Amino acid sequence: MVTSSREGAVPGAAAVPPYWEEAKAELMKRDRIMKKLIPQIGDLHLVGHDDPFTTLARSIVKQQVTAKAADAAWQTLRQALPRFTPSAVVKAGAGQLAACGLSKRKTEYILDLADHFKAKKVHASQWDQMDDEAVIAELVQIRGITRWTAEMFLIFNLLRPNVLPLDDPGLIQGISQNYFSGEPVSRSDAREVAANWEPYRTVATWYLWRSLDPDPVK
């Protein structure tokens, strides 16, 4: 199972991103692998996460652990803090977060994230109007938020259509298996393949994720 943060759902369960159908048509027209792959996946599509703070906190919990372990830790955390807001997290403090099974470092990261949101050190209300690199630059100032984490946020919260997360192992594996017969793939190789996907690199990436794991990761 691919352990990167990603989801899919049947249409009707959640809104389809507005660019999705056009992107599918364009990718199938331009790319022979996408022409074969997209119909195989069926009606699944990218599903967004509504709340920026929750999305980022969950991404921190998921870092460097299996999907199963991450989901268990996240469920424990949400049960302890049903109202998951920056203020509630700050009030809970390190002790309660650690009691949910989080490491010392992840506890520190989530508290720092909560502090950034509570003190308005980030401009969450403006992210919709900011370009991708500007959002990434702001997010990586928060402890525990890497470029990969920020790119997952662009995909799953802001639903940006043209993100290429080159640090994502699932993307690299998907390109290797689908375009290079399983041979090792460099970042340069990945960029060359993805040049044909613009301006819908998010969509192509999502289909490669699904080619590795057809079941949506929750």
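The numbers here are math on the coordinates, done by the rules we state, and not lab data. This structure is a prediction, so every number in the text was calculated from the model and none was measured. Counting neighbours? That spans all protein chains shown, and the Cβs are built from the backbone with ideal geometry, glycine included.
Between the stretch 28-67 and the stretch 88-162, what's the alpha-carbon centroid distance in Å? The distance from the Cα centre of the stretch 28-67 to that of the stretch 88-162 comes to 19 Å.
For the chain, relative contact order (Cα pairs under 8 Å, six or more residues apart, normalised by length) works out to 29 percent. Amide H contacts of residue 45: 9, each under 5 Å away and 5 or more positions distant or on a separate chain (H built 1.01 Å from N in the peptide plane; Pro and chain starts excluded).
If R₀ is 45 angstrom, what is the calculated FRET efficiency for the pair residue 181 and residue 79, using the beta carbon separation as r and rounding to 0.05? The computed FRET efficiency comes out at 0.50. Binning all Cα-Cα separations of the stretch 52-156 at 5 Å, short to long from zero, yields these whole-percent fractions: 2, 13, 25, 26, 18, 11, 4, 0. Measuring against 22 Å, Cα to Cα, the residue pairs 68/104; 24/62; 68/121; 62/104; 62/120; 68/91 contain 24/62; 68/121; 62/120; 68/91 as the ones spanning a longer distance.
For the stretch 52-156, a crude dipole built from +1 on the beta carbon of Lys and Arg and -1 on the beta carbon of Asp and Glu, taken about the Cα centre, is about 600 debye to the nearest 20.
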